[in-house]
């Protein structure tokens, strides 16, 4: 499943970049994300992603690895996790791009999300829709947080 | 494999409601089990307690003051074989005859089907077009929920945590009331389902209700498509069906999945709406 989102933030690029690397504040913008911790500064992080569709709940203990980092411009990361309780795995390939535009920053991200295992029984369409909602909420939360601090 | 759980055997709706309130997400109402037990066996959900409601006698079908009252625990088999429904609500009987397969129809209940809110289910769509109300009961108090307000999202309803669906109330269609439900799919569950109901008086179409289901996360009533047909003659309404179908297709919130791509489903909604109108008229 491929997703592409872009959000315009009324804040300078340096501020947005700094925010992304502030794990606690950044993670607070990811719906259903908890227990985030830094394993290796700037390289490896751990978090638990939780989500639900009706009565179906998932909890993915996840490792996030930063694969590429280009100062103020680009981050490439991969997140992998497994919910052994319901026998499902998840992998997210994420590309984050920052672009300055006047006094604003365009934060764009492209996410490739793969869900494997029993959870897939819910249907590709339902999972895709949920993932899309989560990414929208995340983008809006980042915008709100940064602009609220302006 | 099904994990261990405790089976509660309450004797009243009030007791069921109390158990649901007390155990929250650790308990689930168990009716026919045709959906619930499957996902429990798969390990997708786990409940400490199942609350068996099958002994509560909620499987009566009656007509009272212009309303057909259908007990939530009526199985699909009981509905398709009800003499009263065959006479008063043949569209629902036809739908029930084609739900899943004979094993599911023997055990599965209409209430369970509605409460599980699986996106590819038939009854909710027709009940919306029929203007049905669903009774949410706590024992001490109850409320009616319009079918169109019942479905919140995929697998989600507007029932409160301690409410039990006990009855479906459908206004008895008069002689001039026309309705039909059509579905299409190539897997066991439908890809798309469309229902229409309207009054046909002196060649004029009025009080149109259209609902599209299965294509998206939950069935939807499509007021904009209804408005296109309302107040028109039968022939004028027929000519507006292509436009109404296109609107209904978009409103269905179709999502791409194994049952078909989004644009394919939207197209099928339009095709089925046209055919359902013709079927209802004939």
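All of the numbers you see were taken from the coordinates with simple rules; none came from a lab. Keep in mind the model is a prediction, meaning the values are calculated, not measured. Every residue, glycine as well, gets a Cβ built from its backbone with ideal geometry; the counts of neighbours run over all protein chains shown.
See the values below:
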| quantity | calculated |
| --- | --- |
| Sole exception among (1) out of contact with any helix residue (DSSP H, G or I) (no Cβ under 6 Å at 6 or more places or on another chain); (2) surrounded by fewer than 24 Cβ atoms within 10 Å (Cβ to Cβ); (3) away from chain A (no Cβ under 14 Å); (4) assigned to a strand (DSSP E or B) for residue B:131, by number | (4) |
| From the options A:16, A:96, A:58, A:7, residue that is crowded, with 17+ Cβ neighbours inside 10 Å and under 30 Å from residue B:46 (Cα atoms) | A:58 |
| Residue match in the stretch A:102-116 (condition: buried (at least 16 other Cβ atoms within 10 Å of the Cβ) and over 16 Å from the mean Cα position of the chain (by Cα)) | yes |
| Complete set of residues in the stretch B:154-171 that are within 14 Å of chain A (Cβ to nearest Cβ) and surrounded by fewer than 19 Cβ atoms within 10 Å (Cβ to Cβ) | B:156, B:158, B:161 |
| Residue among B:194, B:222 that alone is closer than 22 Å to residue B:95 by Cα, more than 14 Å from chain A (Cβ to nearest Cβ) and over 13 Å from the mean Cα position of the chain (by Cα) | B:222 |
| Meets criteria (surrounded by fewer than 19 Cβ atoms within 10 Å (Cβ to Cβ), assigned to a strand (DSSP E or B) and at negative phi) for residue A:91 | yes |
| Contacts under 6 angstrom Cβ, first residue in the stretch B:258-282 being in contact (Cβ under 8 Å) with a residue 40 or more places away in the chain, partner crowded, with 18+ Cβ neighbours inside 10 Å and assigned to a helix (DSSP H, G or I), 6 or more apart | B:266/B:249; B:269/B:248; B:269/B:249; B:273/B:245; B:273/B:248; B:277/B:241 |
| Residue match in the stretch A:123-136 (condition: away from chain B (no Cβ under 14 Å), out of contact with any strand residue (DSSP E or B) (no Cβ under 8 Å at 6 or more places or on another chain), surrounded by fewer than 19 Cβ atoms within 10 Å (Cβ to Cβ) and part of a helix (DSSP H, G or I)) | no |
| Residue list for the stretch A:112-122, restricted to those being touching a strand residue (DSSP E or B) at 6+ places or on another chain (Cβ under 9 Å) and facing chain B (nearest Cβ under 8 Å) | A:118, A:119, A:122 |
| The stretch B:227-274, residues that are over 22 Å from residue B:119 (Cα atoms) and in contact with a helix residue (DSSP H, G or I) (Cβ under 8 Å, 6 or more places away or on another chain) | B:228, B:229, B:234, B:237, B:238, B:240, B:241, B:242, B:243, B:244, B:274 |
| Among (1) surrounded by fewer than 20 Cβ atoms within 10 Å (Cβ to Cβ); (2) under 30 Å from residue B:42 (Cα atoms), the one test that residue A:144 misses | (2) |
| Elements of type helices (runs of 4 or more DSSP H) contained in the stretch B:1-88, each with 1 or more residues being within 14 Å of chain A (Cβ to nearest Cβ) and touching a residue at least 60 places away in the same chain (Cβ under 8 Å) | B:13-23, B:36-41 |
